[in-house]
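Have a look at the structure below, then the notes.
The values are calculated or read from the model by the stated rules, or taken from the named source; none is laboratory data. Keep in mind the model is a prediction, meaning the values are calculated, not measured. Here Cβ is always computed from backbone atoms with ideal geometry, including for glycine, and neighbour counts include all displayed protein chains. In case anyone asks, the SASA skips ligands and DNA or RNA and just uses the protein heavy atoms, side chains included. Shrake-Rupley method; radii C 1.70, N 1.55, O 1.52, S 1.80 Å.
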Amino acid sequence: MDFNLSNEQLLLQKTIGEFTKREIEPRASEIDRSLKLPDDLINKMSQLNLQGMTIPQEYGGGGLSYIDCILAIEQISYSGTGVWWFVAFTNSIPGSIIQYGTEEQKDKYLYSIFESNSIPSIQFTEADTGSDPDALTTNVISSDDHFIINGTKRFSTFGSRDGFAIIYAKDEAGKCSAYIIEKNTEGYSTGPICELMGSGGIEAVDVYLDEFKLPKENILGKSGEGLNILQSWIADEKIQQCGACLGIAQAALDEAIKYSKFRTVRNKSQSSLPTIRSMLAEMYSQLEAARWLTYRTAFLRENRYFNWMIEAAAAKVFVVPAAMKVVELSRRIHGAYGYTREYKIERLYRAIAGASVIALSLDINKAVVSSSLVK
């Protein structure tokens, strides 16, 4: 087994890591508090070809691997902001169209990823659905040559940005189906940006669809196939989220090392204390185990290993708690200062909190894994 990254991947890590420290870190607090992803930062990430980096070259993308995307997300999430979601969504959502879309849909929507400030969205969650597609209330009815969609979606990341969205709704047969819609067109409106605990910059909003008309050729896949499309995308999201957890946890470890070396306790640096060194060693071990499990799972996804979606759930079950533990230990090393916005660890602590509930909760992911084991 070869555990080495290629020279090209090492250069990718270095380039995006330097970009994060130069362009995102100085603005991280501003992004976190304003909740907005700055337009000029989007343009700079586009110039780095992070936008659609895994889309095949014949559709205008970079043609890079899924593992490359995870490496990019890991580096950007180091800032403790939600900026990494831009990379995640401009790669994973087009992936659903690549896998299930018609050639006409690919030609129309994959190229649109690269338009100025265009960011795709997923719209599944509703106020009372949780993770249950059978509980969807957003509905689609057929009318002549088009569909009519009515309903409300919650927490749509980048939902008020221009671009397309893949929306999941109940068709006339009561089945979950997927549709490609154009945001910010007639019948489409959004609420204000949701004030989440952390990850400022993802611009999550509620979406309202009122007699929204959609051409019938905009159904994605077959009628009633929405759940399969959704499950495949969510599995992608889990691995991307694991990549983000690595970046946040690495930042937390680095902050703990820096603080403990600076902090003086009885004329000695805090880092010389056995208890602190024990905590640092535990943080490093948890992080490295999580890192290689994430990379392995990304490799399985890249090569379409038959059980890769179960492996994605298993990775989340381990990586998220491991990363949360690393961040918590770093906060404890910071003492009372870890509870102030003066130090980066406070932002990292809030950023990691969402990992246990986004892309299905840890308990649901455990149920996915265990169900597979006992079959």
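Going by the conditions given, is T54 assigned to a loop (DSSP other than H, G, I, E, B), open to solvent by 10 Å² or more (accessible area, probe 1.4 Å) and at pLDDT 95 or above?
Numbers: assigned to a loop (DSSP other than H, G, I, E, B): yes; open to solvent by 10 Å² or more (accessible area, probe 1.4 Å): yes; at pLDDT 95 or above: yes.
The answer is yes for T54.
Just one of (1) surrounded by 16 or more Cβ atoms within 10 Å (Cβ to Cβ); (2) under 22 Å from M1 (Cα atoms); (3) not aliphatic (A, V, I, L, M) trips up W292, so point out which.
Just one mismatch for W292, condition (1).
Output the helices (runs of 4 or more DSSP H) that fall wholly within the range 64-139 and possess 2 or more residues being open to solvent by less than 20 Å² (accessible area, probe 1.4 Å) and over 17 Å from A178 (Cα atoms), or say none. Step through it out loud before you land on a result.
Numbers: elements: 66-77, 84-100, 103-109.
Because the criterion is at least 2 residues that are open to solvent by less than 20 Å² (accessible area, probe 1.4 Å) and over 17 Å from A178 (Cα atoms), the helices (runs of 4 or more DSSP H) in the range 64-139 that meet it are 66-77, 84-100.
Considering (1) touching a residue at least 24 places away in the same chain (Cβ under 8 Å); (2) in contact with a Gly (Cβ under 8 Å, 6 or more places away or on another chain), say which one I219 fails and leave the rest.
Every listed condition holds for I219 apart from (2).
So which of I364, I358, I352 ends up being closer than 20 Å to T157 by Cβ, at pLDDT below 95 and part of a helix (DSSP H, G or I)? Spell out how you get there, then give the answer.
Values: I358 fails: part of a helix (DSSP H, G or I); I352 fails: at pLDDT below 95.
Being closer than 20 Å to T157 by Cβ, at pLDDT below 95 and part of a helix (DSSP H, G or I) holds for just one of I364, I358, I352, which is I364.
Looking only at the range 195-211, count how many residues are among the acidic types (D, E), under 19 Å from the mean Cα position of the chain (by Cα) and modelled with pLDDT of 95 or more. Can you show your working first?
From the range 195-211, those among the acidic types (D, E) are 195, 203, 206, 210-211; that's our starting set.
The next check asks that each one be under 19 Å from the mean Cα position of the chain (by Cα); those that pass are 195, 203, 206.
Then keep just the ones that are modelled with pLDDT of 95 or more; that gives 203, 206.
Residues in the range 195-211 being among the acidic types (D, E), under 19 Å from the mean Cα position of the chain (by Cα) and modelled with pLDDT of 95 or more: 2 in total.
Just to be sure, is E25 among the charged types (D, E, K, R), modelled with pLDDT of 95 or more and surrounded by fewer than 21 Cβ atoms within 10 Å (Cβ to Cβ)? Talk me through it step by step, then tell me what you get.
Working: among the charged types (D, E, K, R): yes; modelled with pLDDT of 95 or more: yes; surrounded by fewer than 21 Cβ atoms within 10 Å (Cβ to Cβ): yes.
Judged against the criteria, E25 is a match.
Can you tell me which of E342, E311 is more than 17 Å from E74 (Cα to Cα), acidic (D, E) and not in a helix (DSSP H, G or I)? Give the derivation first.
Values: E311 fails: not in a helix (DSSP H, G or I).
None of the other options fit; the residue is E342.
Quick one: would you say I16 is surrounded by fewer than 18 Cβ atoms within 10 Å (Cβ to Cβ), of a type in the set (A, V, I, L, M, F, W, C) and in contact (Cβ under 8 Å) with a residue 24 or more places away in the chain? Quick ask: steps written out before the conclusion?
Working: surrounded by fewer than 18 Cβ atoms within 10 Å (Cβ to Cβ): no; of a type in the set (A, V, I, L, M, F, W, C): yes; in contact (Cβ under 8 Å) with a residue 24 or more places away in the chain: yes.
No.
Residues are listed down the side, and each one gets a yes or a no for (1) in contact (Cβ under 8 Å) with a residue 60 or more places away in the chain; (2) under 25 Å from N228 (Cβ atoms):
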position: S96; (1), (2): yes, yes
position: I149; (1), (2): yes, yes
position: T152; (1), (2): no, yes
position: F158; (1), (2): yes, yes
position: E186; (1), (2): no, no
position: E195; (1), (2): yes, no
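Taking the range 257-270, which residues are within 29 Å of T294 (Cβ to Cβ) and open to solvent by 20 Å² or more (accessible area, probe 1.4 Å)?
I257, K258, K261
What's the number of the only condition in (1) in contact with a Ser or Thr (Cβ under 9 Å, 6 or more places away or on another chain); (2) buried (at least 19 other Cβ atoms within 10 Å of the Cβ); (3) β-branched (V, I, T); (4) touching a residue at least 60 places away in the same chain (Cβ under 8 Å) that I276 fails to meet?
With (1) in contact with a Ser or Thr (Cβ under 9 Å, 6 or more places away or on another chain); (2) buried (at least 19 other Cβ atoms within 10 Å of the Cβ); (3) β-branched (V, I, T); (4) touching a residue at least 60 places away in the same chain (Cβ under 8 Å) applied to I276, the lone miss is (4).
Would you confirm whether any residue within the range 345-367 is open to solvent by 30 Å² or more (accessible area, probe 1.4 Å), among the β-branched types (V, I, T) and closer than 21 Å to M283 by Cβ?
Looking for residues that are open to solvent by 30 Å² or more (accessible area, probe 1.4 Å), among the β-branched types (V, I, T) and closer than 21 Å to M283 by Cβ, one finds none in the range 345-367, hence no.
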